[in-house]
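Please treat every number below as a calculation from the coordinates, not as lab data. On a predicted model such as this, the values are computed, not experimentally measured, just so you know. Note that each Cβ is placed from the backbone with ideal geometry, even for glycine, and that neighbours are counted across all protein chains shown.
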Amino acid sequence: MRTGVECLMDGLKKAGVQVIFGLPGGSVLDIFNGLYDAPFKFVLTRHEQGAAHMADGYARATGRVGCCLVTSGPGATNTVTGLGTAYMDSIPLVCISGQVPTHMIGNDAFQEADTTGITRPVTKHNYLVRNADDLPRIIAEAFYIAGTGKPGPVLVDIPKDVQRASTKAHTPDSVSIRGYNPTTEGHPKQIARLAEAINKAKKPLLYVGGGAIAANAAEEVTQLARKAKIPVTTTLLGLGAFPETDSLALRMLGMHGSVTANYATHHCDLLVSIGARFDDRVTGKIAEFASHAKIAHIDIDPTAISKSVPVDIPVVGDVKHVLKVLIPLVESKERTEWLAQIQEWKQKNPFAYDQNGSKLMPQYVIEQIYALTKGDAIIVTEVGQHQMWSAQYYKYTQPRTFISSGGLGTMGFGLPAAIGAQFGCPGKMVVDISGDGSAQMNFQELVVAVEHQVPIKVVILNNGYLGMVRQWQEMFYKKQYSATCLGQSGRGKNEKIKDCPDRPYLPDFVKLAEAHGALGLRAKTRAAVVPMLTKAFEADGPAVVECMVEPEANVYPMVPAGASLMEMIQSMA
Amino acid sequence: MKHIISMLVENRPGVLARVIGLISGRGYNIDSLNVAPTQDITTSRITMTVPGDDHVLEQVTKQLNKLVDVIKVFDLTKEKYIDRELAMVKVCASTKNRSALIELAALFRAENVSVQNKAMIIQMVGTTDAVDNFLELIKPHGIVEVSRTGVIAVGKAEG
Ligand SMILES: Cc1ncc(C[n+]2csc(CCOP(=O)(O)OP(=O)(O)O)c2C)c(N)n1
Ligand SMILES: [Mg+2]
């Protein structure tokens, strides 16, 4: 006989868990007691949202299933944003939450929340364990469901009495769930149709998303592109699935994508989506998206197909598997005309910013990070302008080296995700590129990096604004900066505080970093950027570099929401 | 168009909430809903009628299929099927109109299942249209209460 907690520990061990992120409380005291001498690392976070994002960042960087552990009620509700973030980007993680004893469920007991009810829409699946006999099976199923098919977060809610109950049940050796059989092998006929379409196409384009990275198919994407000479554009989450230094790389497409990628999408005659889901930030106006092209879509998720854009050649299956079958069927081609056209677009329209004078431009900082890390770091971002610049001005050549909250767009994701990524990849340089707004969400987790001497580098592009929102206000709301000024100046009347001076640093991120025990540095001028970054990158432990960048720099190109990809705004002038 | 969606699911707590959440989360109304275990008590059959355009319902059907606890989903409106629902109507009935009601019920092959002093309960089985029709005709007598099961349906495909 074993207790529920012993079953849980055994299940976690058999699932290959190496590190758990979390924070204890009343309903998980037994689990934490069991963890005390468990064979895996436990990382005490300072907020449960941080725990969920760390598990997420760990999963994105390693491809393994991340794991977090929290208490009932507020512990569980604090993970909701983290679960939603992972759910939107199809990231495998398992969240274990405590629950009040079974007999008290539904009585508004202390720290009770309907956790399975609350998390249902943000998880791939969830469980409320009612009986210790079911626990070993459920833990095995949870990891299996999280990591297979289209990956996603799974939550297991374990009442306190179930943790303590004893059972004869054992962790099963294999899992079989009759309602869950993800299709992995693409239909051979569909793959043959796709090959034929590629062979016939004059102007094909690969449009690669996070699915290619989830399937570990970057190598196959690269083989396909190079063999058939097909140019490649990626989504934000697809960055790194194809080396951006390759001449076939068009960089990211969509709202803040490259001119070339958006032109190519408009002009291509065959668009092959590989694990990308036609997100509205990518397509712009649906009716005009790739309107001259036949559309093929390879995806493990049948519901992703024809969801917003009608697909001519659907292939449901694991991207890696499908590409392996596809590659031998495609012919080597030169496509001279198409590629020449693309080179011309590329030459005329690189990502560009104000090079004039001595301004500290945010894009410059990213370029220096690229140069100093030789393109070999794991870049993690928060959400906002800095996120888009990180996508535009750093060239990604390896999968799992760009980590960002794409679908949910969660500010506060980056710092904890960077810590998680660094736990998963101890030998790598991990840089969290942050904004002054996002940095104030979940900064507390820096303590975790300091404690564990996890040497993440946080580079804050401080523009004094919730910049991305300010940019929209500048462009579409007559420059009325309502609630986007992080300083006092520029604020609307209803936000001004009487006699409040406009302090240069609020908060002072350098002091804040120091207060957390990390190295804190500030670059106020363009000339100071490289020395400060170098100092931070050479430091043994975690470091924060605050760069006082040009306040009103904008992200270009920009396709206004709902406009066609051909309607890119290139500057405000 | 109205769709009849029939699904085989795990007979477990939470499954119905998941199914309904997927539909109501999109702002769709479920017109009728019926759940009961099948011949295998570990599975239940859920039958729902949902109005909505074909493209949306196709998407919903695919997404229902993706739920871990859902074993199979059929949109019966795409094939031949037999559908029925059962209604029980409590209607005002005195010595004056009782025989008229019995006559009306007979026309619809409905059955009176309880006769009291001032009311009777009639049970009617038929398609939704037939049940609607019957209720319409009975209305002038004064309906006290109606309880309907909602549609259940079986596809005609053999095997
Ligand atoms: C949790 C959360 N709240 C609000 C938003 C909306 N939002 C998107 S970008 C942004 C501004 C981010 O500011 P900052 O981190 O300073 O980045 P910048 O755009 O200035 O580079 C906001 C508020 C969000 N994405 N996430
Ligand atoms: Mg900012």
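Ignoring solvent entirely, what values of log10 I(q)/I(0) come out of the Debye formula for the range A:450-573 at 0.10, 0.14, 0.19, 0.22 Å⁻¹ when each Cα is a single scatterer? The Cα Debye sum returns log10 ratios of -0.44, -0.78, -1.04, -1.16. What shape does the range A:216-302 take by its C-alpha gyration tensor, where a ≥ b ≥ c are the square roots of the eigenvalues and a/c under 1.5 counts as rounded, a/b above b/c as prolate, and the rest as oblate? Cα axes put the range A:216-302 in the rounded bin. When only the Cβ of Lys, Arg, Asp and Glu is charged (+1, +1, -1, -1), the dipole of chain B relative to its Cα centre reaches about 340 debye.
For the range B:1-88, trypsin sites (Lys or Arg not before Pro) are listed when DSSP marks them as loop and at most 13 other Cβ atoms sit within 10 Å of their Cβ; the list is B:26, B:80.
Taking label points 7 Å from Cα along the Cα-to-Cβ direction, residue A:133 and residue A:344 give a separation of 7.4 nm.
With neighbour counts taken as other beta-carbon atoms within 10 Å, the residues A:171, A:245, A:410 rank, fewest first, as A:245, A:171, A:410. The distance linking the range A:108-186 with the range B:95-145 is 49 Å (Cα centroid to Cα centroid, whole angstrom).
Sorted ascending by nearby beta carbons within 10 Å, beginning with the fewest, A:393, A:465 become A:393, A:465.
Both the radius of gyration and Dmax for chain B are 18.4, 57 Å, in that order, over alpha-carbon atoms.
Identify, among A:15, A:106, A:138, the residue whose Cα sits farthest towards the positive end of the charge dipole of the range A:2-167, taking +1 on the Cβ of Lys and Arg and -1 on the Cβ of Asp and Glu, with the dipole about the Cα centre. Checking the options against the dipole of the range A:2-167, the answer is A:15. Per-residue extension of 0.36 nm, minus the Cα-Cα distance of residue A:493 and residue A:332, leaves a gain of 51.6 nm for this segment. Semi-axes of the equivalent ellipsoid of chain A are 38, 33, 20 Å, computed as sqrt(5λ) over the eigenvalues of the C-alpha gyration tensor in descending order. Between rounded, prolate and oblate, where does the range A:7-150 land on the alpha carbon gyration tensor, with a ≥ b ≥ c its root eigenvalues, rounded for a/c under 1.5, else prolate if a/b exceeds b/c? Since a/c stays below 1.5, the shape of the range A:7-150 is classed as rounded.
Of all lysines in the structure, not one has an alpha carbon short of 17 Å from that of residue A:160, not counting any fewer than 8 places away in one chain. Cβ crowding within 10 Å ranks A:219, B:58 as A:219, B:58, fewest other Cβ atoms first. Its DSSP H runs of at least 4 residues, each contributing -39,500 (n - 2.57), put the calculated 222 nm mean residue ellipticity of chain A at -10000 deg cm²/dmol, to the nearest 500. Computed as a quarter of the hull surface, the mean projected area of the alpha carbon convex hull for the range B:2-79 stands at 4.7 nm². Computed across the range A:285-325, the Kirkwood hydrodynamic radius from all distinct Cα-Cα pairs reaches 11.0 Å. Working from label points 7 Å from Cα in the Cα-to-Cβ sense, the residue B:102 to residue A:216 distance is 7.7 nm.
For the range B:47-82 versus the range A:478-501, the spacing of their alpha-carbon centroids is 51 Å. Taken over the alpha carbons of the range B:82-155 as equal point scatterers, the Debye sum produces base-10 log I(q)/I(0) values at 0.14, 0.25, 0.26, 0.28 Å⁻¹ of -0.39, -1.13, -1.21, -1.38.
When the Cα positions of A:404, A:28, A:263 are compared along the charge dipole of the protein assembly as shown, A:263 comes out farthest toward the positive end, with charges on each C-beta of Lys, Arg, Asp and Glu. Counting other Cβ atoms within 10 Å, keep those with at most 16, restrict to DSSP loop, and tell me which trypsin sites (Lys or Arg not before Pro) in the range A:492-573 are left. Answer in residue order: A:496, A:498, A:524. In order along the range A:8-25, the Karplus-derived 3J(HN,Hα) couplings, from 6.51 cos²θ - 1.76 cosθ + 1.60 at θ = phi - 60°, round to 4, 4, 5, x, 5, 5, 5, 7, x, 5, 10, 8, 10, 10, x, 7, x, x Hz, and Gly and Pro are given as x. Bridges between two residues of the range A:352-510, per DSSP, are antiparallel at a rate of about 10%. Over the range A:362-548, the ratio between the Cα radius of gyration and 2.2 N^0.38 Å evaluates to 1.01. Taken about its Cα centre, chain A carries a charge dipole of roughly 960 debye when the Cβ of each Lys and Arg holds +1 and the Cβ of each Asp and Glu holds -1. Take every DSSP beta bridge whose two residues both sit in the protein assembly as shown, then give the antiparallel share in percent to the nearest 5. Once the DSSP bridges in the protein assembly as shown are tallied, antiparallel ones form about 40 percent. Model label points for residue A:176 and residue B:86, set 7 angstrom from Cα along the Cα-to-Cβ axis, are 3.6 nm apart.
For the range A:68-221, the pair-distance distribution built from all alpha carbon pairs, in bins 10 Å wide starting at 0, is 10, 31, 28, 15, 9, 5, 1 percent.
Per-residue mean of foreign Cβ neighbours for B:53-62 is 2 (Cβ atoms of other chains, 10 Å radius).
Net charge dipole, the range B:2-79: roughly 180 debye, given to the nearest 20, about the Cα centre with Cβ charges of +1 for Lys and Arg and -1 for Asp and Glu.
Of the residues A:208, A:275, A:329, the one whose Cα sits farthest towards the positive end of the charge dipole of the range A:188-348 is A:329 (charges of +1 on Lys and Arg Cβ, -1 on Asp and Glu Cβ, taken about the Cα centre). Averaging Cα coordinates gives a centre for the range A:431-455 and one for the range A:336-362; these two points are 33 Å apart.
Taking amide H as placed 1.01 Å from N in the peptide plane, the amide H of residue B:81 sits under 5 Å from that of B:156, each at least 5 places away or on another chain. With N counted as the residues of the range A:218-362, its alpha-carbon radius of gyration over 2.2 N^0.38 Å works out to 1.09. Is the shape of the range A:331-457 rounded, prolate or oblate, going by the alpha carbon gyration tensor and its root eigenvalues a ≥ b ≥ c, with a/c under 1.5 for rounded and a/b larger than b/c for prolate? Prolate shape, in that a/c is at least 1.5 and a/b is the bigger ratio. Listed by chain and number, the lysines whose alpha-carbon sits under 21 Å from that of residue A:524, ignoring those within fewer than 8 places in the same chain, are A:359, A:457, A:511, A:535.
What the Cβ-Cβ distance of residue A:29 and residue A:103 gives, at R0 = 22 Å and to the nearest 0.05, is a FRET efficiency of 0.80. The chymotrypsin sites (Phe, Trp or Tyr not before Pro) of the range A:1-80 that meet both conditions, a loop assignment by DSSP and at most 16 other Cβ atoms within 10 Å of the site Cβ, are A:36, A:40.
Given R0 = 35 Å, the distance between the Cβ atoms of residue A:292 and residue A:356 translates into a calculated FRET efficiency of 0.40.
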